[in-house]
Ligand code: HEC
C-alpha cells in the first residue's frame with residue numbers, strides 16, 4: 001500500500017477530500033491502481049454512477065479482484081458526497 005502513496009506524492013495534485021479516512025484510502029486503493037485517483041469534484045454524482053459501472057468492467061477485463069458490493073457502495077457514496085455540481 002505504501003508504494004501507492006509514494007507514487008502520488010510530489011505530483012503537485014490536490015489532496016483528495018476526507019484525506020486519511022478509511023474510505024479515502026479505499027478509494028485510492030481501488031481506483032488509483034490503473035490511473036491516478038480522480039478528484040471527486042471533477043464529475044457530478046450522476047456521472048460517478050456511470051463511471052463506477054464502467055470501472056467495474058475495466059477491473060473485470062484486467063483480471064483484478066472485483067470490488068465487493070460493500071466497497072462499491074462505500075466508494076460511490078464517497079464520490080457522490082464530494083461530487084461537483086456540473
Ligand atoms: C483495471 C484498471 C482500472 C481500475 C482499477 C480503475 N480504472 Fe478508471 N479507468 C481505467 C482505464 C483504462 C481508463 C481509460 C478510459 C477508458 O478506457 O474508458 C479509465 C478511466 C477512468 C475515468 C475517466 C473517464 C473519462 O471519461 O474521462 C474515470 C473518472 C475513472 N476511470 C474512474 C475510476 C474509478 C472511480 C475507479 C474505482 C472504482 C477506477 N476508475 C478504477 C482503468 C481502471
Put a dot 7 Å past each Cα toward the Cβ at residue 61 and residue 80; how far apart are the dots in nm? 2.6
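Taking Cα pairs under 8 Å and at least six residues apart, what relative contact order does the stretch 18-81 come out at, in percent?
Numbers: 32 pairs, mean separation 27.9, N = 64.
Across the stretch 18-81, relative contact order equals 44 percent.
Quick one: order 30, 36 by neighbouring beta-carbon count within 10 Å, fewest to most.
Fewest to most other Cβ atoms nearby, the residues stand as 36, 30.
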Cα-based convex hull, the stretch 18-81, per residue volume (Å³, whole number): 79
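Read-outs: derived from the displayed coordinates by stated rules, not from any lab. This is a predicted model, so every value here is computed, not measured. Here the Cβ is made from the backbone with ideal geometry for all residues, glycine too, and neighbour counts use every protein chain on show.
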